[in-house]
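The values are calculated or read from the model by the stated rules, or taken from the named source; none is laboratory data. It should be emphasised that the depicted structure is a prediction, and the values quoted were computed from it without experimental measurement. Cβ sites come from the backbone with ideal geometry, for glycine too, and all protein chains shown count toward neighbours. When the accessible area is computed, the model is the full protein with side chains, heavy atoms only, and any ligands, DNA or RNA have been set aside. Shrake-Rupley method; radii C 1.70, N 1.55, O 1.52, S 1.80 Å.
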Amino acid sequence: MNYKIPRGTFDIIPPQSAKWNYVKDVFRRVASSFGYEEITTPIFEMAELFERSSGESSDVVQKEMYRFTDQKGRTFALRPEGTAPVVRAFVENHLDKTAAHSKFYYMGPMFRYDRPQAGRYRQFYQYGIEFIGSNNPYYDAEVIALEQMFLKELGLKDFRLEINSVGCGNCSKEYEKALREFFQPVFDKLCEDCQNRYENNPRRILDCKVPSCKELRHGAPSQLDYLDDDCQDHFEKARLYLEQMDVDYVVNPSIVRGLDYYTNTAFEFIVDSLGAQNTIAGGGRYNGLIEQIGGRATPAVGFAGGFERLILALESQGISFPEELAPDVYVIAMGESAESYAMRPMQAIRKAGIYAEYNPDKSSFKSQMKAADQSKARYAMIIGEEEVTLDKPMLKNLSDGTQENLSLNQIIDRIKDN
Ligand SMILES: [Zn+2]
Ligand SMILES: [Zn+2]
């Protein structure tokens, strides 16, 4: 065959798809219990939305964004992340002027032209939470507690939460000044990227993966020593709420967020056993973003997580997923009249919410019974000439072998009772 899946993408095939649905269901349930409602936005947006929100100089915009021009010459991009589209929808629907609070969750595919590697894809699936409308540090703690509850509900073990505060526009200026002073004597030894970051975004030097830059940043000043009183107070209160909600965390001052609109709390959930790509969710407060993309200044906090790494972590820890779907009843019809008779009770059973399986390709009674056993069905509904005459299919319990001719209503009641 000539057709192959695009590099960096993957199919989600049964039974794997059942695991994905299970994880999504748990996320929906936990998000709902905190009052978050689902929002779905298009998978492509005007490219400019991401250029404004991610920063024109960011790797995402420079190298990783899937851009395309449509028939009318407009430039769009496949979304590389979920927050900017949610904020665009929030502003476009005037929620910045009407809603006191907005609580959204989303799930869906994101796209980045990146070198594919374990746990990293070009089409990847994220879930996320966005709380918009308050600067209260309770909400920083709320979104973190939600993610922690989600991971715990799934049974994930050995993960940890790291938090930091990146300050606000005022105190991060002071901090960036201190960073420049620190790196100034070794400027020539920084990698080319970091030399570019030095002026515009020196915090990102702390995030650089180049080994020599890692060396050079030993002893660099910590953001936490440069927080002003308000930011200090915000961080302390967020931490207090986390402690009151029994959410364990460690403070990691090296968590950086590269863009101006990020403020205050930043956090990551990490599973060490995943290796190099060990962050399964991350987020923080983004009080400056809504104004940046043209809305009214509105404080917000949220996070995004990756389904691939999460499911990989669950599998590697041997966490059990719900059993594969087995039929409640396997329909066996012998002969032409039995087969045409069988269609109606089978549809009535399905309409009652019971899973009925049927395979018209199996010929002999023996091969049909074998298929019923292999399907792990609880019952077989057997229909031969006699059953057609009686208008009562035979219901056979496949675990104890008992069988009985029953009316359709009796059959439905019997299956539902067990
Ligand atoms: Zn501040
Ligand atoms: Zn560097």
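Worth pointing out:
- Filter result (open to solvent by 20 Å² or more (accessible area, probe 1.4 Å) and either at pLDDT below 95 or over 14 Å from the mean Cα position of the chain (by Cα) (or both)) within the stretch 122-133: 122, 133
- Residue list for the stretch 159-176, restricted to those being in contact with an Asp or Glu (Cβ under 9 Å, 6 or more places away or on another chain), open to solvent by 50 Å² or more (accessible area, probe 1.4 Å) and more than 15 Å from residue 268 (Cβ to Cβ): 170, 174
- Residues in the stretch 177-198 that are part of a helix (DSSP H, G or I) and either modelled with pLDDT under 90 or within 12 Å of ligand 2 (Cβ to nearest atom) (or both): 183, 186, 187, 189, 192, 193, 194, 195, 196, 197, 198.
- Positions within the stretch 44-85 being in contact with a helix residue (DSSP H, G or I) (Cβ under 9 Å, 6 or more places away or on another chain), farther than 24 Å from residue 209 by Cα and in contact (Cβ under 8 Å) with a residue 60 or more places away in the chain, in sequence order: 49, 52, 83, 84
- Taking the criterion of being within 31 Å of the chain's Cα centre (by Cα) and under 27 Å from residue 297 (Cβ atoms), the residues of the stretch 148-199 that qualify are 163, 164, 165, 166, 167, 168, 169, 172, 197.
- Count of the stretch 289-299 residues which are under 18 Å from residue 172 (Cα atoms) and surrounded by 19 or more Cβ atoms within 10 Å (Cβ to Cβ): 2
- Within this structure, residue 203 passes the test of being assigned to a helix (DSSP H, G or I) and within 16 Å of ligand 1 (Cβ to nearest atom).
- Of all the criteria given as (1) within 30 Å of residue 314 (Cα to Cα); (2) open to solvent by 80 Å² or more (accessible area, probe 1.4 Å); (3) without any contact (Cβ under 8 Å) to a residue 24 or more places away in the chain, the one not satisfied by residue 32 is (2).
- Selection from the stretch 387-409 of residues that are in contact with a strand residue (DSSP E or B) (Cβ under 8 Å, 6 or more places away or on another chain) and either outside the structural domain of residue 356 (by TED's automatic domain parsing) or outside any loop (DSSP other than H, G, I, E, B) (or both): 387, 390, 394, 395, 396, 397, 403, 404, 405
- If the condition is being surrounded by 16 or more Cβ atoms within 10 Å (Cβ to Cβ) and in contact (Cβ under 8 Å) with a residue 12 or more places away in the chain, then the stretch 182-199 contributes 182, 183, 190, 191, 194, 198.
- Residue ID - most open to solvent (accessible area, probe 1.4 Å), chosen from residues in the stretch 200-213 that are at pLDDT 90 or above and not hydrophobic (A, V, I, L, M, F, W, C): 211
- Inter-residue pairs, beta-carbon under 8 Å, first near ligand 2 (Cβ under 10 Å from one of its atoms) and in the stretch 206-234, second open to solvent by less than 40 Å² (accessible area, probe 1.4 Å) and among the basic types (Lys, Arg), 6+ apart: 208/197
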